[in-house]
Amino acid sequence: MLHTIDVRRIKSYQAVDSSSKLHLVEVSDEISATFELLKILHQYNHQNGWTLLIAPDAVPSKTLLDSCSIDKSKLLVIRQKHLANLDYVLNSALSNGNFAAIITWTNMLSHSQLELLAQHNAHISAQLYSFVRTEQPNQCPTLC
């Protein structure tokens with residue numbers, strides 16, 4: 001049976017639609033990405049299950065998490081450089097039932113990877129947030 005991809009582009013403060021468990025979080029820069037990440041972490045901080053974050057080395061800083069009252073005991077951070085097989089880790093985490101949310105940092109997943117995950121949407125028990133960078137139009141062409 002052919003499945004269509006059902007990926008919503010959201011900001012983390014919007015209500016999560018339970019029919020789709022795959023969410024694209026569009027960000028324009030690292031500051032907005034960090035802000036959206038903190039909102040998602042705070043949202044899942046009070047739910048059952050772990051939150052898995054797959055990110056580069058500097059994201060997020062422990063100081064930032066502490067200052068935003070994020071419970072680090074419910075957050076599992078895997079650095080991108082330590083992953084041998086991202087697809088295996090994602091599929092395992094999405095289907096094992098121990099995670100409330102899985103977050104991948106900016107542009108870690110390709111469109112084809114998202115389509116494959118969408119095909120297995122019925123077997124996914126967690127919410128997946130994939131950050132994607134959007135291009136901002138040059139706002140000051142004469143000054144920049």
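May I ask you to list the residues in the stretch 25-41 that are β-branched (V, I, T), under 17 Å from M108 (Cα atoms) and either assigned to a helix (DSSP H, G or I) or touching a Pro at 6+ places or on another chain (Cβ under 9 Å) (or both)?
Scanning the stretch 25-41 gives a single hit, T34.
Among (1) of a type in the set (S, T, N, Q); (2) under 13 Å from the mean Cα position of the chain (by Cα); (3) farther than 15 Å from L24 by Cα, which single condition is S130 missing?
So the condition that S130 fails would be (3).
Sort out which residues of the stretch 44-71 are over 15 Å from I103 (Cβ atoms) and either basic (K, R) or part of a strand (DSSP E or B) (or both), and write them in order of number.
Scanning the stretch 44-71 gives a single hit, K62.
Of all residues in the stretch 42-58 being surrounded by 18 or more Cβ atoms within 10 Å (Cβ to Cβ) and aliphatic (A, V, I, L, M), which is modelled with the lowest pLDDT?
By that ranking, first place goes to A55.
I'm trying to understand the selection: among the residues of the stretch 59-75, which are under 21 Å from S125 (Cα atoms) and either out of contact with any Ser or Thr (no Cβ under 9 Å at 6 or more places or on another chain) or exposed (fewer than 11 other Cβ atoms within 10 Å of the Cβ) (or both)?
Within the stretch 59-75, just S73 meets the criteria.
Mind listing just one residue for me: the one in the stretch 99-119 that is surrounded by fewer than 14 Cβ atoms within 10 Å (Cβ to Cβ) and assigned to a loop (DSSP other than H, G, I, E, B) and, of those, modelled with the lowest pLDDT?
N107
Against the definition (surrounded by fewer than 13 Cβ atoms within 10 Å (Cβ to Cβ), modelled with pLDDT of 90 or more and over 13 Å from I103 (Cβ atoms)), how does S18 come out, yes or no?
no
In the stretch 73-99, which residues are in contact with a strand residue (DSSP E or B) (Cβ under 6 Å, 6 or more places away or on another chain) and β-branched (V, I, T)?
Correct list: V77, I78.
Examine the stretch 72-94 for a residue that is of a type in the set (A, V, I, L, M), assigned to a loop (DSSP other than H, G, I, E, B) and more than 16 Å from S130 (Cβ to Cβ), and state whether such a residue exists.
yes
The values are calculated or read from the model by the stated rules, or taken from the named source; none is laboratory data. Predicted model only: the values in this text are computed from it and were never measured. Cβ: placed from backbone, ideal geometry, glycine included. Neighbour counts: every protein chain shown.
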